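Read through the structure below, which is laid out as structure tokens, and then see the notes.
The values are calculated or read from the model by the stated rules, or taken from the named source; none is laboratory data. Computed from a predicted structure; not experimentally measured. Cβ: placed from backbone, ideal geometry, glycine included. Neighbour counts: every protein chain shown. Areas reflect the complete protein model, heavy atoms only, side chains present, ligands, DNA and RNA absent. Shrake-Rupley method; radii C 1.70, N 1.55, O 1.52, S 1.80 Å.
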Amino acid sequence: MSSVQTTCPYCGVGCGVVATVNPDASVTIKGDKTHPANFGRLCSKGSALGETLSLDDRLLYPEINGQRSDWDTALDTVAQKFKQTVQEYGADSVAFYVSGQLLIEDYYVANKLMKGFIGSGNIDTNSRLCMASSVAGHKRAFGSDTVPCSYEDLEQADLIILTGSNLAWCHPVLYQRINAAKKQRPELKVINIDPRQTATCDIADQHIALKAGTDAWLFNGLLQFLRNNDHLDYDYLEQHTQGFSKALDAAKKSSGSIPIVAQQCGLEEQEVAAFYQAFAKTQKVVTVYSQGINQSSSGTDKVNSIINCHLATGKIGKVGMGAFSVTGQPNAMGGREVGALSNQLVAHTDFKPDDLDMVGRFWQTDNLAQQAGLKAVDLFNAVKAGKIKALWIMATNPLVSMPDVDNVKAALESCEFVVVSDCVNNTDTIQHAHVRLPALGWGEKDGSVTNSERCISRQRAFLSPPAEAKPDWWILNQVAQRMGFEQAFNYQNNAQIFREYAALTGFENNGLRDLDLSGLDNLSDEDYQQLSPVQWPVFKTENGYQPTARLFTDGCYFHESGKAQLIAIEPRLPQGQVNTQYPFMLNTGRIRDQWHTMTRTGKSARLVAHIPEPLMAIHPKDGLNLGLQDGGLAEINSAVGQGVIRVQLTSSQAQGDVFIPMHWSKENNEQGSVGKLISPYFDPISGQPEFKQTPVAIRAYQPEWQAFILLRQGMDLPESLHNQLTYGVKIRGKQSWRYELAGETTPESWKDWIIEHFQEKDWEWLEYQDRAKGYYRYAKIVDGKLQACVFISPDAQLPERDWLQDLFVKDELSLDERINLLLGQPAQKKDDAGKIVCSCFGVGKNTILKVVKEQNLTDVAQITEKLKAGGNCGSCVPELKELLAKA
Ligand code: SF4
């Protein structure tokens, strides 16, 4: 058994992982104690990585028009079609849509091919959906896309402001680091600014539940407060910044006093004042922000309203201080570095004469794109309009993640030539590909990624490539060669690509650009293999190279003046406003145990168990007014789409707001992605879509019947049912699959209906039926093992699923279990563990509540001692605290 140090492929924390392949081919995953991002910690998703490596659903061979092909034919087809389209319609008639899942080396080759040799700016990345507003905000403020902070600043700060960031679920290891620091130093204060009461509130000394979308008023008000109360650093403003007076005028205009801010943001004056006082009186302040700020039609302005406050107080570029944007994806930062956003060139250069000249000479090309390409929403609109005729989508699933996905679907359906390179073969997007190219997945591919603190880490392979899957950089290199660019694309390995990229960052840099990896441009192949995590910029030294923990320590910025720029912000409300037709504001985001479109985390039954179905969280008072029931169904409509969803009543939602997770797709949900409800509004500067605020209408939905089916053998939801179901979700369980269904037409015979659609002709029926009331229950046991069960009801009054699903794990059902099977509950309630709270150890809510009550437990440490829950990744600790409070 050998262990390999690699990095987690999920969020932008970029945790180090040690993967060990065991003799039985299983993989053991542990946190890497030497990695500076996590020092051995992992969250629930990272801990379960070993459960996501099966080859089910993998794309293993090239395919053309749905038929297996071979690499030569597939690569020639792609190269010829792209070349021919460019010749016939020009370079801007083709596009790449890429992803923060790609490694730096893949990303670099893709960008070089499109911008450097095809000659179009039309390469955009799905980081447009999560980071683009931060990038634009950084560039306006600093003259460069620079994240100045390090994770250690979180531990060294005295005040951490979290805004638009559910860190506990979306960047769990950073949350754990802050939690640990707070335990060591209780004087470290945390303020959480978020319309929702999320799990992150658990470490917050103050929760500011502002009205959705009003962040810029709050931070403009802070700037004005700091000025009025003499908390500005005038020396810093004078020496290192420009634009202060205009920024202050704008702040005064929108947010002149605490009462005005409180009213605009829907807050109490005292809570605004307390926040402002805390910022003013604390020197070491870090403001952490992510998608809640970025995913907005005024995201860039919100970013700058935050940065303005740090610049005006000089709380930046020093230990424990700064505005800290945390990235969503494992290599979102890497994509920004190599220039995979369509409005950047490469290596933190832009489409301006000096940069174009420098890059053209470095790449030795005379066909460099001269202007920015299309950003994601416009790019797919151009595909739909027929302007882009050949599109290559790499490692991403825009039919789930984009706003107004029905429009994106129409675009792909109408596109002459769609190529998808991916490691999985069952995404909503790949169904529309003319050519499918099998890429390596995590554990097989090898390269590097950059996390939120500018730390470049190696992602190393520990599994052999399956079947004919290939590295993304290899696929791109082959296509480039076949398009006639052999000289520029003769890469033999990923180390060679990395060296070229590092050399470009240092080429004629002379301190002009923040991104400088020149200290790494002569790594040998062996050095590259052994490269330890390193924060950029990385400069050459006599003995090797020198990384950089923190930027702007000297107060020098990358605008021509050398000074930072404060930006005058005129706050704007979300583009879509609630009204009588659409009276609720829909917010979307991540949940604790799932990643993006579930193609990997969806393979782990214990991760799925935490929140198995897509839910709409809504305040109980709103629920009451609408006649919604917890666990019932609701119909939701927006200006662009409609869906049916399960209801969760929770006072963690503000009244008037609802929240739906982003992860489910057509693959596992008849209703498809929540993206179909999102209007394609976007920030005019960054192009980032407004995923956090969509006006919607909601009404209770009562279908004719509701059901769940548990099967030992999984299957796709039958095609024959598509027109019959108004709701259908497929859920992976431990040794079983669950199907949550609802419909409007009750069949003559449920038995015949099951046989027809679930093809189980030889079932031995153990059934119960009450025709008058509309109940039907069925179970099948073979050789003592439960094989299937079906529960159908005219309403949502169906049994709890957890106990029944646990029965599939048993080798033989007991007499009690058989007797109680069709009741849907154990004879003794103690046998029902309830909904999973701790994914690491599979501990359910009922078990926890029972032990807490019986043994009078009063804190989480005691629960961990008794049940292990919370003792591994700690992601469930906020929920354990909630249960303690409940008990
Ligand atoms: S916090 Fe979790 S998901 Fe993010 S990198 Fe670390 S282990 Fe992976």
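Taking the range 28-48 as the range and being in contact with a Lys or Arg (Cβ under 7 Å, 6 or more places away or on another chain), more than 8 Å from the ligand (Cβ to nearest atom) and of a type outside the set (A, V, I, L, M, F, W, C) as the test, only Gly40 passes. In the range 405-456, the qualifying residues are those that are hydroxyl-bearing (Ser, Thr, Tyr) and not in a loop (DSSP other than H, G, I, E, B), and the one that is surrounded by the fewest Cβ atoms within 10 Å (Cβ to Cβ) is Ser414. β-branched (Val, Ile, Thr), open to solvent by 20 Å² or more (accessible area, probe 1.4 Å) and over 22 Å from Pro574 (Cβ atoms) - does that describe any residue in the range 231-244? No, the range 231-244 has no match at all.
Entry remark, the range 479-519: residues being among the polar types (S, T, N, Q) and surrounded by 22 or more Cβ atoms within 10 Å (Cβ to Cβ) number 2 in total. Total residues in the range 1-21 satisfying the condition of being more than 24 Å from the chain's Cα centre (by Cα) and within 14 Å of the ligand (Cβ to nearest atom): the figure is 0.
Within the range 640-655, residues that are within 24 Å of Gly728 (Cβ to Cβ) and in contact (Cβ under 8 Å) with a residue 60 or more places away in the chain have Cβ atoms under 8 Å from residues that are among the acidic types (Asp, Glu) and open to solvent by 50 Å² or more (accessible area, probe 1.4 Å) in these pairs: Val640/Asp406; Gly641/Asp406, counting only partners at least 6 apart in sequence or on another chain.
I'd like to check something: does the range 199-212 contain any residue that is of a type in the set (Val, Ile, Thr), more than 22 Å from Thr327 (Cβ to Cβ) and open to solvent by less than 10 Å² (accessible area, probe 1.4 Å)? Checked against the condition, which is being of a type in the set (Val, Ile, Thr), more than 22 Å from Thr327 (Cβ to Cβ) and open to solvent by less than 10 Å² (accessible area, probe 1.4 Å), the range 199-212 yields at least one hit. The number of residues in the range 132-155 that are open to solvent by 10 Å² or more (accessible area, probe 1.4 Å), part of a loop (DSSP other than H, G, I, E, B) and of a type in the set (Asp, Glu) comes to 0.
Within the range 286-322, the set of residues being closer than 26 Å to Pro403 by Cβ and open to solvent by 10 Å² or more (accessible area, probe 1.4 Å) comprises Gln291, Gly292, Gln295, Asp301. Take the conditions (1) touching a His at 6+ places or on another chain (Cβ under 7 Å); (2) in a helix (DSSP H, G or I); Ala323 misses just one of them, which is (2). Criterion applied to Thr52, Thr77 was being away from the ligand (no atom under 14 Å from the Cβ), out of contact with any Asp or Glu (no Cβ under 6 Å at 6 or more places or on another chain) and β-branched (Val, Ile, Thr), and the one residue passing it is Thr77. Within the range 109-121, identify whether any single residue is under 26 Å from Val326 (Cα atoms), in contact with a strand residue (DSSP E or B) (Cβ under 7 Å, 6 or more places away or on another chain), modelled with pLDDT of 95 or more and more than 16 Å from the ligand (Cβ to nearest atom), and answer yes or no. Checking the range 109-121: at least one residue is under 26 Å from Val326 (Cα atoms), in contact with a strand residue (DSSP E or B) (Cβ under 7 Å, 6 or more places away or on another chain), modelled with pLDDT of 95 or more and more than 16 Å from the ligand (Cβ to nearest atom). Quick one: would you say Ala251 is open to solvent by less than 10 Å² (accessible area, probe 1.4 Å), without any contact (Cβ under 8 Å) to a residue 24 or more places away in the chain, touching a helix residue (DSSP H, G or I) at 6+ places or on another chain (Cβ under 6 Å) and assigned to a helix (DSSP H, G or I)? The answer is no for Ala251. Of all the listed residues (Asn820, Asn872, Asn846, Asn856), the sole one being surrounded by 16 or more Cβ atoms within 10 Å (Cβ to Cβ), polar (S, T, N, Q) and over 30 Å from Lys780 (Cβ atoms) is Asn872. Residues in the range 594-618 that are open to solvent by 30 Å² or more (accessible area, probe 1.4 Å) and under 21 Å from Pro583 (Cβ atoms): Leu615 alone.
On inspection, Asp24 fails the criterion of being acidic (Asp, Glu), within 30 Å of Gln530 (Cα to Cα), out of contact with any Lys or Arg (no Cβ under 6 Å at 6 or more places or on another chain) and within 16 Å of the ligand (Cβ to nearest atom). Is it fair to say Val173 is hydrophobic (A, V, I, L, M, F, W, C), open to solvent by less than 10 Å² (accessible area, probe 1.4 Å) and within 14 Å of the ligand (Cβ to nearest atom)? Answer is yes for this residue. In summary, Asn343 fulfils each of the numbered conditions (1) open to solvent by less than 30 Å² (accessible area, probe 1.4 Å); (2) under 27 Å from the mean Cα position of the chain (by Cα) with the single exception of condition (1).
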